[in-house]
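Everything on this sheet refers to the single structure shown next.
All of the numbers you see were taken from the coordinates with simple rules; none came from a lab. As the structure is a computational prediction, the values presented were derived from the model and not from experiment. All Cβ positions, glycine included, derive from the backbone under ideal geometry; neighbour counts span all protein chains shown.
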Amino acid sequence: MKNLVFLVAAYMAVWAGVFSYLAYVAGQQRRLVRRLSRLEERLKEKDMVEEVT
């Protein structure tokens, strides 16, 4: 029975680690999407300026 407590604790720790990692990756993905959007806007602005000149 003692081993069951440790097994459950390890199981919870693994799932907590998986959840934390997925939350981290999701945050990085949101950051990259924002950066990509800003880059696309800058490129569109640059194209518009070149078309005018």
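A few comments on the model shown:
- Semi-axes of the equivalent ellipsoid for the chain, computed as √(5λ) from the eigenvalues of its C-alpha gyration tensor and ordered from largest down, come to 51, 4, 4 Å.
- Dipole check for the chain: with +1 at the C-beta of Lys and Arg, -1 at the C-beta of Asp and Glu, and the Cα centre as origin, the magnitude is about 420 Debye.
- Projecting the Cα atoms of 7, 19, 39 onto the charge dipole of the chain, computed from C-beta unit charges around the Cα centre, puts 7 farthest toward the positive end.
- Near residue 34: Cβ cut-off under 12 Å, other residues only, Lys/Arg at +1 and Asp/Glu at -1. The net charge is +2.
- Computed from label points 7 Å out along Cα-Cβ, the spacing between residue 42 and residue 14 is 4.4 nm.
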